[in-house]
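Accompanying notes for the structure given below.
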Amino acid sequence: MHAILEAVFPSRIRAVRALLAPAGPDAANALAEAAENVRAVLERVHDDESQADWQALSEAVSIAAKLRSWHRAVRTGEADADRFLRAARLQLYEWQTADAGYGHELRSRLSAVNGDFAATDVGVLLEDLARVTFPVAIFTTEPPTVPHWRQDTVKAKSELAVAFLEFRINGKEAAAIHRLPADRLHDLELKLRVSRWPEEAERLVLKPISVEPEDVWTLPEFSFARPKGNSPFTLETYGRLSIRMRIAIGARPLEFLYSAEFQPVSAEQPVAVAGQRSLRIDSSEFEDRCETGYPSLDAKLIEVRNRLRDEPRISEREIGTALHLFKPLANLVGQAVHANLFPSPLNEAAFESHVAQHLRRHPEIGVELEVQAQAGGGRTDLSFRQMRIELKVKNDAPLSTKELEKYSLQASAYAVGSDKTIAILCVLDGSEKKAPPTPMVEAIKVIPVQPNDRPIYVIAFIIQGNLAKPSTLSR
């Protein structure tokens, strides 16, 4: 297998947990992220048999994500809810590489979606997929042997044609989640490696597929004529990409897949697509709309959002709640440095009153802000949609890293008691300053607190008060 098991197998565990998770608003997103994690393992697995097993798991979990989206859309009465089911059936149809073993077992169970399949059957099917035994690679130095007295009359199948995709957007390698401004044309470059080209095939065509509304995006269709020479072939081309609408800060990225087929259709099919077969695009923008009031803190907001999205246990709803709080609290961080908002030390009660008033001025928060809510056997300072906000004041000496970590433990305890993965910590450093303030962007930190092996993420905002006047620093 040529990969350390403990480095790759956790993605299998996350996939099984996502398949067994109950239906909910974030179940489909968790499955899509689990499929992406499994797909990333392919780069670390080199033998064909193990790579086929991991590829099969990725395909199955990706199809499961579309089925969960279909179940949710039917349950909530969305228009054209069956588009998710059609996308799942198409992906299953194009997945033709599972002829035997683990992949064949997964595909045979998923074939139920092509029949009389109801949205209420999704949970049972996903649980059935999770219970299919995953083979673990075992090394052997003894090659398999065929008895000499029996002639092998089985005709060898043709090697599967594999198309390995690499994308570049505007000259840069496509990221796992690529940020692109909307309402503009962008270059989309494709580098394609094809393992073999069937004799009867004249062209290879790659088409974009997505469950996103078609009037929101334009992606090119790529077509390649049969190249000269011997396989493997490396081909390059480019097209134009456009996203016509921005997405909200807390919305999941737009996701697109590319499928491949040889033409004419009578030619050998299918083509296995590997590499960057999917594009995930974030079209939220901040250039002409400042979310926090300070450009560097807007960039920090995006950085924190992307980091939280990398943790599959955190729901999009919880991330959205954290972002609602991030904007006004980051603005408070900026104001404290920009205007010396707290020129003299405050006690904790006065600081709590100031922060509560500041948060309630924002229409996204307003009346939903609670004071002294119960959580984890104690009383929290402030709460918003059950996300706990712990406030601290440090006046006697400058705030140290060790003290910040200690405060984070208290904030994380409130999060655990509220069944949350994110907590907010806001610390006013009112000690006398004899040096310039810390840059705004460095005054916001994400601190993982590790209860067992399930970290709680504490977003810490350090409010700098009692700043020294710039003129006194030169004396």
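The values are calculated or read from the model by the stated rules, or taken from the named source; none is laboratory data. Bear in mind that the values here come from a model prediction, so they are computed numbers and not experimental data. Methodologically, a virtual Cβ is constructed for each residue, glycine included, from the backbone with ideal geometry; neighbour enumeration extends over all protein chains shown. Accessible surface areas use protein heavy atoms only, side chains included; no ligands, DNA or RNA. Shrake-Rupley method; radii C 1.70, N 1.55, O 1.52, S 1.80 Å.
Distant-in-sequence amide contacts of Ala161, defined by a placed amide H-H separation under 5 Å and a gap of 5 or more residues or a different chain, comprise Ala272. The percentage of C-alpha pairs in the stretch 326-388 whose separation is greater than 12 Å is 71%. The trypsin sites (Lys or Arg not before Pro) of the stretch 388-454 that meet both conditions, a loop assignment by DSSP and at most 14 other Cβ atoms within 10 Å of the site Cβ, are Lys434. When you filter the GluC sites (Glu not before Pro) in the stretch 368-475 for DSSP loop state and at most 16 other Cβ atoms inside 10 Å of their Cβ, you are left with Glu432. Annotation: Cα Rg of the stretch 153-289 relative to the compact-globule expectation 2.2 N^0.38 Å equals 1.20. Computed about the Cα centre, the dipole magnitude for the chain is approximately 1000 debye when only Lys and Arg (+1) and Asp and Glu (-1) carry charge, each at its Cβ. Note on the stretch 317-359: percent of Cα-Cα distances in each 10 Å bin, starting at 0 and stopping at the bin with the largest distance, equals 25, 50, 21, 4.
Under 5 Å between amide hydrogens, built in the peptide plane, is the criterion, and for Ile249 it picks out nothing among residues at least 5 positions away or on other chains.
Using only the Cα atoms, what convex hull volume per residue in Å³ does the stretch 323-475 have? Please report the intermediate quantities before stating the final value.
Working: hull volume 16.5 nm³, N = 153.
Cα-based convex hull of the stretch 323-475, divided per residue, equals 108 Å³.
Residues whose amide H comes within less than 5 Å of that of Leu425, counting only those at least five positions distant or on another chain, are Glu390, Ile459, Ala460, Phe461 (H built at 1.01 Å from N in the peptide plane). Couplings 3J(HN,Hα) of the stretch 276-283, computed from phi: 7, 6, 10, 10, 10, 10, 9, 9 Hz, in residue order, whole Hz [Karplus 6.51 cos²θ - 1.76 cosθ + 1.60, θ = phi - 60°; x for Gly and Pro]. In sequence order, the stretch 173-189 has phi-based couplings of 4, 4, 7, 4, 10, 9, 8, 9, x, 7, 6, 9, 8, 10, 6, 10, 9 Hz under the Karplus curve 6.51 cos²θ - 1.76 cosθ + 1.60, θ = phi - 60°, and Gly or Pro positions carry x.
Here the translational diffusion coefficient of the stretch 360-430 follows from Stokes-Einstein with Rh set to the Kirkwood radius across Cα pairs; for 4 °C and 1.567 mPa s it amounts to 101 µm²/s.
Can you send over the carbon and sulfur percentage of the accessible area for the chain, probe radius 1.4 Å, protein chains only? So the carbon and sulfur contribution to the accessible surface is 50 percent.
Report, in listed order, any pair from Lys172/Lys420; Lys191/Lys445; Lys392/Lys445; Lys191/Lys300; Lys327/Lys434 with a Cα-Cα distance greater than 27 Å. Exceeds cut-off: Lys172/Lys420; Lys191/Lys445; Lys191/Lys300; Lys327/Lys434. You can think of it this way: the chain between Ser111 and Val216 has 34.7 nm of extra reach, that is 0.36 nm per residue less the Cα-Cα gap. For the peptides 301-308, 178-185, 324-331, the ranking by packing is 324-331, 301-308, 178-185, with the highest mean count of neighbouring Cβ atoms within 10 Å listed first. Coupling constants for the stretch 327-336 follow from the phi torsions by the Karplus curve (6.51 cos²θ - 1.76 cosθ + 1.60, θ = phi - 60°), and in residue order they are 4, x, 6, 5, 4, 5, 4, x, 4, 4 Hz; glycine and proline get x.
Per DSSP H run of at least 4 residues, take -39500 (n - 2.57); add these up for the chain, divide by its residues and hand me the 222 nm value, nearest 500 deg cm²/dmol. Walk me through the intermediate numbers first.
Values: 10 runs with 161 residues, N = 475.
Counting only the DSSP helices, I get -11500 deg cm²/dmol.
Each of Ile422, Phe461, Leu341 was placed along the dipole of the stretch 333-475 (beta-carbon charges, centred on the mean Cα), and the one lying farthest toward the positive end is Leu341. Each residue of the chain gets 211 Å³ once the volume of the Cα convex hull is shared out per residue. Measuring from centroid to centroid over Cα atoms, what is the spacing of the stretch 156-185 and the stretch 45-76 in Å? The distance from the Cα centre of the stretch 156-185 to that of the stretch 45-76 comes to 19 Å. The separation of the stretch 207-248 from the stretch 357-431, counted between C-alpha centres, amounts to 46 Å.
Taking the C-alpha atoms only, the angle from helix 5-20 to the longest principal axis of the chain is near 90 degrees. Take 408-418, 74-84 and order them by the average number of nearby Cβ atoms within 10 Å per residue, most first; the result is 408-418, 74-84.
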